[in-house]
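Single-structure report; data block below.
The values are calculated or read from the model by the stated rules, or taken from the named source; none is laboratory data. Quantities reported herein were computed from a predicted structural model and do not represent experimental measurements. Ideal geometry is used to build each Cβ from the backbone, glycine not excepted, and the neighbour counts take in all protein chains shown. Note: areas computed on protein heavy atoms with side chains; ligands, DNA, RNA excluded. Shrake-Rupley method; radii C 1.70, N 1.55, O 1.52, S 1.80 Å.
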Amino acid sequence: MYATFKPAAQSVVMPENVARAQFPGAHLVVTYKGGRVIYAEGDSVDKCYQVCAGAVREYGLISDGRRQVVSFHLAGETFGFEAASKHRFFAEAIAETRIIVFARRPIQEHSPELLALALVGMKRAQEHLLVIGRQCAVERVAAFLMDLSDRLGGVRQLRLPMSRQDIADYLALTIETVSRAMTELKERKVIALRHVRTVDIIKPDALRSLCHRAALRS
């Protein structure tokens, strides 16, 4: 179920406009096939990770067996930070994903970057709680698309690595509701759907205004 670690070369090739985290100590590069678990709930927190290429979802299992996706991690982003000694969630590659793995102890002892990265993750988690707690379905999907665009440098064409079921499990919606929300945004000519996983943002200001309107109500 788990991929095998492979020693990394001294120089890791990152995608354009993506910088490698400047963590001290040795690192490994691991390639995971889609659906492979990176770490499971209850595993020891002894490593930190940076996505080099691909994407990762973190999720938990609710008592009735349903899945709740709590975060997505894209190229250049780091994850795996926990306050406790055990992971609370599963982390899984969405598609074939290359990840840089760092030992946690040298980072904790020497890296001033760790706190900043942890705070970024905390801010994103807080914003996600506001999204699923306050907004209607169209506003949730709009906020999701706008967040992805911002994280990818403001791109207007989104090639979604995650499925609509992933998005539904992240936004606490059904897959049918996500599809209806996408269709409504398309009919408003805010987005265009080239493919089920390719979204063109036609009116970014209109998309952002949906997010701001909901934020004002909260």
Amide H contacts of ARG88 (H built 1.01 Å from N, under 5 Å, at least 5 apart or other chain): GLY42
Once you order the gyration tensor axes a ≥ b ≥ c over the Cα atoms, which shape class does region 54-101 get: rounded for a/c under 1.5, otherwise prolate or oblate by comparing a/b with b/c? oblate
Of the heavy-atom accessible surface of region 22-109 (probe 1.4 angstrom), what whole percent is carbon and sulfur? 48 percent
With every protein chain left in place, what is the accessible area per residue of region 150-218 in square angstrom, probe 1.4 Å? 57 Å²
Per residue, how much accessible area does region 22-109 have with a 1.4 Å probe, in Å²? 44 Å²
Quick one: Kirkwood hydrodynamic radius for region 115-212, alpha-carbon pairs, angstrom, one decimal? 13.6 Å
In region 115-212, what percent of the accessible surface is made up of carbon and sulfur (1.4 Å probe, ligands and nucleic acids excluded)? 57 percent
Let me test this: with uniform point scatterers at the alpha carbons of region 22-109, what is the Debye-based log₁₀ I(q)/I(0) at q = 0.11 1/Å? -0.29
Could you derive backbone 3J(HN,Hα) for region 185-196 from the dihedral phi with the Karplus parameters 6.51, -1.76 and 1.60 (θ = phi - 60°), listing whole Hz in sequence and x where the residue is Gly or Pro? 5, 5, 5, 7, 6, 7, 10, 10, 10, 6, 7, 4
Taking the Cβ-Cβ separation of ARG66 and ALA192 as r and a Förster radius of 41 Å, what is the calculated FRET efficiency to the nearest 0.05? 0.80
Can you tell me the order of 50-59, 82-91 when each peptide is scored by its average per-residue count of other Cβ atoms within 10 angstrom, highest first? 50-59, 82-91
